[in-house]
Each structure stands twice: as C-alpha cells, then as structure tokens.
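Step one of this worksheet: look at the structure below.
Just so you know, all these numbers are worked out from the coordinates, no wet-lab data involved. All of these numbers come straight from a predicted model, not from anything done at the bench. As a convention, Cβ positions derive from the backbone with ideal geometry for all residues, glycine included, and neighbour counts pool all protein chains shown.
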Amino acid sequence: MNLEFFKKYKFSYLFYNIFQRKKLINNVALYKKYNLSKFYFSPISSKDLSHLPQERTDLFSLNEKNFENVELFNNLTDNSKESVLNFQENGFCILNSYLKDAEVDAINQEITNMIESQKVGFRYRNKIMFSIHYSKLIDSVGKSEPLNKLLDVLLQGKAQLFQSINFLQGSEQATHSDTIHMTTYPLGGLLGVWIALEDTNAENGPLHYYPQSHKMPYLLNESFDNQGTNFMLGSKTYSDYEKMMDAFIKNKNLKKEILLAKKGDLLIWHANLLHGGEPHINKSLTRKSMVFHYFKKDSICYHEITQRPSLIQ
C-alpha cells in the first residue's frame, strides 16, 4: 500500500492529531456549541456541517462609522480608505505603501538569514511556511495591533493569525478560493493578507483575482463530487478542483484583474475571493512577497479536502 493511498483513509491523520490537543482544544467547546458528536481530533468536513444553518453572514455593509476607532484606517490615504470601504463590494482592498522601504528590507534580510541558517526551507515547491514561528520580526508584522483591529472589522469578530507564507518567486498557483484549503464554519471566517516585498510586474508572476467573485457560492467537496465516505476521503484530486474552478469561471464569465503592486503595498482578500498567481515568465527576476492568513476566533476551522481540523497556535 503506497503512502498516497494510505492518506485517503480518514484515520491516517487521526493518530497525529491525538497528540495535538493543545492546538485543537478549541474544537471541544465549538463542537459542543453546534451539537457535533466529535472528538477534538476527529476528521471534519462541510458534509458534517451540512445540517447546520448555511446562510451567508459574511456579506455585510461597511461605512466610515465602522472604522471610526481604527487608527490604521484613519491614517490611510483617501484612495486606500475608499478601497477598504469597498471591501464587501469587491472582495478585496489595497493599502498602498503599508510598509516603508526600510521595514520591507529588514523582512527580506530576515528571510535571507533564515534560509542561509537553514531555520526555514521550501515546501510545496516554492513556499516558505510558518516563518512567524522562527522570526519575531515577521511575527510582529502579522500580529500588528493596528492591522489586526482593521481585520477585526472586516471579519466582524476577532482576527486570529493562523499561518504565514513567504515567496521568493511568483506562486504561479491556479485560481482558487482559500476556503478549499482553510475552511470555516460559519463560512467566510477567514481573511488573507498579501504584502509585496518588492515591485511586481508582468514578468515576475503577479497576483490575479476576480472582483466580486466572493459573492458566488462556496465551492467545496460536494461541488466536485469529492465528499467521500465515513471512512475514506473523496477520490478526486486537487487538479479536479482546479478543472472545476476553470469551468466555473468560464460559465460565470468572470473577469480577471492583475495586481501590479509596489513594494510595501498590502492586499486583503475575502475568504471566497477567487485568486491565484500569474506565470513567472522571467525566472531571473524574484517576486518577494509575504502572506498571512487569519481565522475568525471561535470559528470551526478545518481543511476541506483532507478533512483535518486546523492546528491553531
């Protein structure tokens, strides 16, 4: 039996999760709240939650009054303020020049030092995962109180930093919604934050997104017949999800936009916004960037495809 086949059994992650009680303990109260007969380490997916109310609570109106006590918002340029106020309409907002050049340079040097000292390495081809666990500087950027207070408003709850990802090259990731990777109940309890650590252009793999796509239905395991059984995960692969997403975009005639960001710019996007990475055409160029993901506190958090509960630090 090969490893990939073994991973199709739901219990393949169970033994690991049993020893992660500290990172999964929040599930105990949440499962009780929603009358779910599960242990903290049990597999979980949208199928287990389908009997619960599924109304959209993640689409709400915003105005300046929502941000009257948010220091970061009050100090933004008019263009960035307008972008934030249109977050619920567009599914994203852009804060221009969020970080100063010196702050970005310090982060880039920190990443270089950690790679050279082998504190971090690359996973999933080109990702440096969880640098927040090894760098006080990067952790402090992700947990910045002014930024988190802004995120609290956009989440309508307390934002909790879940993970970080650093890139030296463009991700080139196919269009997706983060909800397939980091799922919540209620739906929409997640925000992504991307920071340009250098200028992006058409040749070094800029981000793309589909404005207003966050208003579309959430596409989860059921959407591509991947729910599985009581004991086995679904038989579909992630490439099947990507094919479904391509067909969905064509069917809805969604229009793509490409973000040509400047060093220090910050992008915030909704959990269900469709986005990805353009081809990194010129491999002699870098495209240094940093991503943070935040869960809404007191949400059930899990990974839809592998049906694993998320490990919250």
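Odds and ends about this structure:
- Cβ-to-Cβ counts within 10 Å put LEU137, LEU187 in ascending order as LEU137, LEU187, the fewest first.
- D (Stokes-Einstein, µm²/s), Kirkwood Cα radius, the chain, 0.692 mPa s at 37 °C: 161 µm²/s
- Of SER140, SER83, SER171, the one that fluctuates the most in a GNM where the chain has Cα springs shorter than 10 Å: SER140
- Neighbourhood charge, 13 Å Cβ-Cβ cut-off, centred on LEU197 and excluding it, Lys, Arg +1 and Asp, Glu -1: -2
- Long-range amide H partners of ARG308 with built H, under 5 Å: ILE44, HIS303
- Surrounding net charge for ASP48, when Lys and Arg each add one and Asp and Glu each subtract one, Cβ distance under 15 Å: +4
- Local net charge near LYS263, Cβ-Cβ under 13 Å (Lys/Arg +1, Asp/Glu -1): -2
- Of all lysines in the structure, the ones whose alpha carbon falls short of 16 Å from that of LYS243, not counting any fewer than 8 places away in one chain, are LYS252.
- Fluctuation leader among PHE39, PHE162, PHE87 - the chain, Gaussian network, Cα springs under 10 angstrom: PHE39
- Net dipole in debye of the chain [+1 Lys, Arg Cβ; -1 Asp, Glu Cβ; about Cα centre; nearest 20]: 1200 debye
- Taking the number of Cβ atoms within 10 Å of each Cβ as an exposure proxy, the fewest-first ranking of ARG308, ARG56, ARG125 is ARG125, ARG56, ARG308.
- Mean separation of Cα contacts under 8 Å, 6 or more apart, over the residue count of the chain: relative contact order %: 30 percent
- When the chain is treated as a Gaussian network with alpha carbon springs shorter than 10 Å, the biggest mean-square fluctuation among PRO211, PRO279, PRO146 belongs to PRO146.
- The ranking of LYS33, LYS256, LYS47 by Cβ neighbour count inside 10 Å, starting from the fewest, reads LYS33, LYS256, LYS47.
- Helix 101-116 axis versus longest C-alpha principal axis of the chain: approximately 50°, rounded to the nearest ten.
- Calculated [θ] (222 nm, deg cm²/dmol) that DSSP helices of n ≥ 4 give over the chain, each run adding -39,500 (n - 2.57): -7500 deg cm²/dmol
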